[in-house]
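K.L.:
First the structure, then my questions, so here it is.
The values are calculated or read from the model by the stated rules, or taken from the named source; none is laboratory data. Since the model is a prediction, treat every value here as computed from it, not as a measurement. All Cβ positions, even for glycine, are placed from backbone atoms using ideal geometry, and neighbour counts span all protein chains on display. All accessible areas refer to the heavy atoms of the entire protein, side chains included, with ligands and DNA or RNA removed. Shrake-Rupley method; radii C 1.70, N 1.55, O 1.52, S 1.80 Å.
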Amino acid sequence: MEVIHTPVLLEEAIQYLAPRTPGELMIDATLGEGGHSAAFLERFPALRIAGVDADPEIQVRARERLSPFGTRIGFYNRWADEFFSDYPVELPLPDTILFDLGISLFHYEGSGRGFSFMRDEYLDMRLDVSRGKTAADLIAGLPEKDFADLLYNNAGERYSRRIAAAVKAAKRQGTITSTAALAELVADSVPVSYRRGPIHPATRTFQALRMAVNNEVESLPCILEKALKKLKTGGRMGVISFHSGEDRKVKNFFREMSRDCTGQPDTPISRSVGICSVKILTRKPISAGNEECRKNPPSRSAKFRVVEKTGTGVAS
């Protein structure tokens, strides 16, 4: 099969998350096309992996790619939070958990679901097409202010209000359902200097919509907490994020879990009093080097953080 996606920060992930004893179990909580899992399985013959992904279509591709590893790899077509909430009884607790929060290039180039403005497709953007609202649904249903807030909060779009006003005006003429129509609308609503900038003017709008459709940022702390609860004491969890909003949530979660917690009702994460749950292994996030950025441009924005579980202070 043709592999579209190149895993980012692969060597760094292997450096920090390599198994330390034979027969360990790793959860690849965002399997995608299986790039990280393939490398781990090749380098560590005694390692087993459970691959989790919400998208059944991309999991078919991962199954084909990883078929040479036989029963060392298991597949779970679920959202990560559901997987850790209802952890499979046939699996032992994991020694390692990896989250790669990026969207696979397959989704942009081969899914046909409107993730990219480079081709004209229906504005779907769902990873799991069996549930939830599409991007077209969000555009149609959100009031102007809410749409502007979505663009600013999710992607830091500086012209969010201009774009939201243009979308509101366009909706009076009919629904906005295609990637080409949305990209053109955004480009027409921003200053010329922005249109001629280093990235396409619709980049952040598409990013913000994708994140909202798949609830990528709001649910992240809850997902990480559920995963950490299942991780063995002494096990490691690594998270690769791709924009500042995600990285900030990961950093804050790890920082909160690395210090004593009072367990007050207004704290975002409730834990048992006085229990340190993790040791932070990456005081600063790890970024891709110049060579990787040159060969694999999506790696330019990637940040990798790793912790080791030291206690059981995560609330049930």
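K.L.:
Taking the stated definitions as given, is Phe99 among the hydrophobic types (A, V, I, L, M, F, W, C), outside any loop (DSSP other than H, G, I, E, B), over 20 Å from Phe304 (Cβ atoms) and touching a residue at least 40 places away in the same chain (Cβ under 8 Å)? Working first, answer last.
P.N.:
Values: among the hydrophobic types (A, V, I, L, M, F, W, C): yes; outside any loop (DSSP other than H, G, I, E, B): yes; over 20 Å from Phe304 (Cβ atoms): no; touching a residue at least 40 places away in the same chain (Cβ under 8 Å): yes.
Against the criterion (among the hydrophobic types (A, V, I, L, M, F, W, C), outside any loop (DSSP other than H, G, I, E, B), over 20 Å from Phe304 (Cβ atoms) and touching a residue at least 40 places away in the same chain (Cβ under 8 Å)), Phe99 does not qualify.
K.L.:
Filtering the stretch 153-164 down to residues that are in a helix (DSSP H, G or I) and modelled with pLDDT under 95, which residue is most open to solvent (accessible area, probe 1.4 Å)? Reasoning before the result, please.
P.N.:
We begin by selecting, within the stretch 153-164, every residue in a helix (DSSP H, G or I); these are 153-155, 160-164.
Now restrict to residues that are modelled with pLDDT under 95: 153-155.
Numbers: Asn153: 116, Asn154: 21, Ala155: 17 Å².
Checked the stretch 153-164; the qualifying residue most open to solvent (accessible area, probe 1.4 Å) is Asn153.
K.L.:
Taking Ala29, is it in contact (Cβ under 8 Å) with a residue 40 or more places away in the chain, under 14 Å from the mean Cα position of the chain (by Cα) and within 20 Å of Glu308 (Cβ to Cβ)?
P.N.:
Numbers: in contact (Cβ under 8 Å) with a residue 40 or more places away in the chain: yes; under 14 Å from the mean Cα position of the chain (by Cα): yes; within 20 Å of Glu308 (Cβ to Cβ): yes.
Considered against the rule, which asks whether it is in contact (Cβ under 8 Å) with a residue 40 or more places away in the chain, under 14 Å from the mean Cα position of the chain (by Cα) and within 20 Å of Glu308 (Cβ to Cβ), Ala29 comes out as yes.
K.L.:
Taking the stretch 168-225 only, how many residues are polar (S, T, N, Q) and assigned to a helix (DSSP H, G or I)? Write out each step before concluding.
P.N.:
From the stretch 168-225, those polar (S, T, N, Q) are 173, 175, 177-179, 189, 193, 203, 205, 207, 214-215, 219; that's our starting set.
This time we only want the ones that are assigned to a helix (DSSP H, G or I), so: 179, 189, 193, 203, 205, 207.
The number of residues fulfilling the criteria is 6.
K.L.:
Here is a follow-up. Here are Ala46, Ala38, Ala54: which of them is in a helix (DSSP H, G or I) and touching a residue at least 24 places away in the same chain (Cβ under 8 Å)? Spell out the reasoning first.
P.N.:
Numbers: Ala46 fails: in a helix (DSSP H, G or I); Ala54 fails: in a helix (DSSP H, G or I).
Exactly one residue qualifies, and that residue is Ala38.
K.L.:
What pairs can you find where one residue is in the stretch 198-209 and under 17 Å from Ser244 (Cα atoms), the other is open to solvent by 10 Å² or more (accessible area, probe 1.4 Å), and their Cβ atoms are less than 6 Å apart, with a gap of 6+ or different chains?
P.N.:
Within 6 Å, the pairs are Arg204/Ala155; Phe206/Phe117; Gln207/Ala155; Ala208/Leu150; Ala208/Asn154; Ala208/Ala155.
K.L.:
Against the condition surrounded by fewer than 17 Cβ atoms within 10 Å (Cβ to Cβ), in a loop (DSSP other than H, G, I, E, B) and among the hydroxyl-bearing types (Ser, Thr, Tyr), how does Ser111 come out, does it pass?
P.N.:
On the way: surrounded by fewer than 17 Cβ atoms within 10 Å (Cβ to Cβ): no; in a loop (DSSP other than H, G, I, E, B): yes; among the hydroxyl-bearing types (Ser, Thr, Tyr): yes.
No: the conditions fail for Ser111.
K.L.:
Still on this structure, please answer the following. Output the number of the condition that Ile240 fails; it satisfies all remaining conditions of (1) in a loop (DSSP other than H, G, I, E, B); (2) modelled with pLDDT of 95 or more; (3) over 22 Å from Asp124 (Cα atoms).
P.N.:
Answer for Ile240: the failing condition is (1).
K.L.:
To continue, here is another question. Pick from Arg61, Arg72: which is within 25 Å of Pro297 (Cα to Cα), of a type in the set (Lys, Arg) and either open to solvent by 20 Å² or more (accessible area, probe 1.4 Å) or in contact with a Leu (Cβ under 8 Å, 6 or more places away or on another chain) (or both)? Write out each step before concluding.
P.N.:
Values: Arg72 fails: within 25 Å of Pro297 (Cα to Cα).
Every option except Arg61 fails the conditions.
K.L.:
Tell me which residues, restricted to the stretch 95-108, are closer than 23 Å to Pro285 by Cα and open to solvent by less than 20 Å² (accessible area, probe 1.4 Å).
P.N.:
Hits for the stretch 95-108 are Thr96, Ile97, Leu98, Phe99, Asp100, Ser104.
K.L.:
Further question: Would you point out which residue out of Glu216, Glu184 is acidic (Asp, Glu), out of contact with any Asp or Glu (no Cβ under 6 Å at 6 or more places or on another chain) and either within 29 Å of Val306 (Cα to Cα) or open to solvent by less than 50 Å² (accessible area, probe 1.4 Å) (or both)?
P.N.:
Working: Glu184 fails: either within 29 Å of Val306 (Cα to Cα) or open to solvent by less than 50 Å² (accessible area, probe 1.4 Å) (or both).
Within the list Glu216, Glu184, the selection yields Glu216.
K.L.:
If we keep just the residues of the stretch 138-151 that are buried (at least 16 other Cβ atoms within 10 Å of the Cβ) and without any contact (Cβ under 8 Å) to a residue 12 or more places away in the chain, which is nearest to Met211 (Cα to Cα)?
P.N.:
Here the residue is Asp149.
K.L.:
Identify the residue in the stretch 13-35 that is out of contact with any Asp or Glu (no Cβ under 7 Å at 6 or more places or on another chain) and outside any loop (DSSP other than H, G, I, E, B) and, among all such residues, is most open to solvent (accessible area, probe 1.4 Å). Please lay out each step first, then the result.
P.N.:
From the stretch 13-35, those out of contact with any Asp or Glu (no Cβ under 7 Å at 6 or more places or on another chain) are 13-18, 20-23, 27-29, 33-35; that's our starting set.
Going one step further and asking which of them are outside any loop (DSSP other than H, G, I, E, B), we end up with 13-17, 27-28, 35.
Values: Ala13: 0, Ile14: 15, Gln15: 131, Tyr16: 49, Leu17: 3, Ile27: 0, Asp28: 3, Gly35: 12 Å².
The selected residue is Gln15.
K.L.:
Of these, Val167, Val190, which one is open to solvent by less than 20 Å² (accessible area, probe 1.4 Å) and touching a Ser or Thr at 6+ places or on another chain (Cβ under 9 Å)? Break it down stepwise before answering.
P.N.:
Values: Val190 fails: touching a Ser or Thr at 6+ places or on another chain (Cβ under 9 Å).
Checking each option against the conditions leaves just Val167.
K.L.:
Taking the stretch 36-56 as the region of interest, how many residues are exposed (fewer than 15 other Cβ atoms within 10 Å of the Cβ) and either on the phi > 0 side of the Ramachandran plot or of a type in the set (Gly, Ala, Ser) (or both)?
P.N.:
Residues of the stretch 36-56 exposed (fewer than 15 other Cβ atoms within 10 Å of the Cβ): 42-43, 45-46, 56.
Adding the requirement that they be either on the phi > 0 side of the Ramachandran plot or of a type in the set (Gly, Ala, Ser) (or both) leaves 46.
Within the stretch 36-56, residues that are exposed (fewer than 15 other Cβ atoms within 10 Å of the Cβ) and either on the phi > 0 side of the Ramachandran plot or of a type in the set (Gly, Ala, Ser) (or both) number 1.
K.L.:
Something else about it: Just to check your reading of the model, which residue among Asp81, Asp137, Asp120 is assigned to a loop (DSSP other than H, G, I, E, B) and not basic (Lys, Arg)? Give the derivation first.
P.N.:
On the way: Asp81 fails: assigned to a loop (DSSP other than H, G, I, E, B); Asp137 fails: assigned to a loop (DSSP other than H, G, I, E, B).
Matching residue, one of Asp81, Asp137, Asp120: Asp120.
K.L.:
Something else now. Determine whether the stretch 7-22 contains at least one residue that is β-branched (Val, Ile, Thr) and touching a residue at least 60 places away in the same chain (Cβ under 8 Å).
P.N.:
Initial filter on the stretch 7-22 (β-branched (Val, Ile, Thr)): 8, 14, 21.
Within this subset, residues satisfying the condition of being touching a residue at least 60 places away in the same chain (Cβ under 8 Å) are 8, 21.
The answer is yes; a qualifying residue exists.
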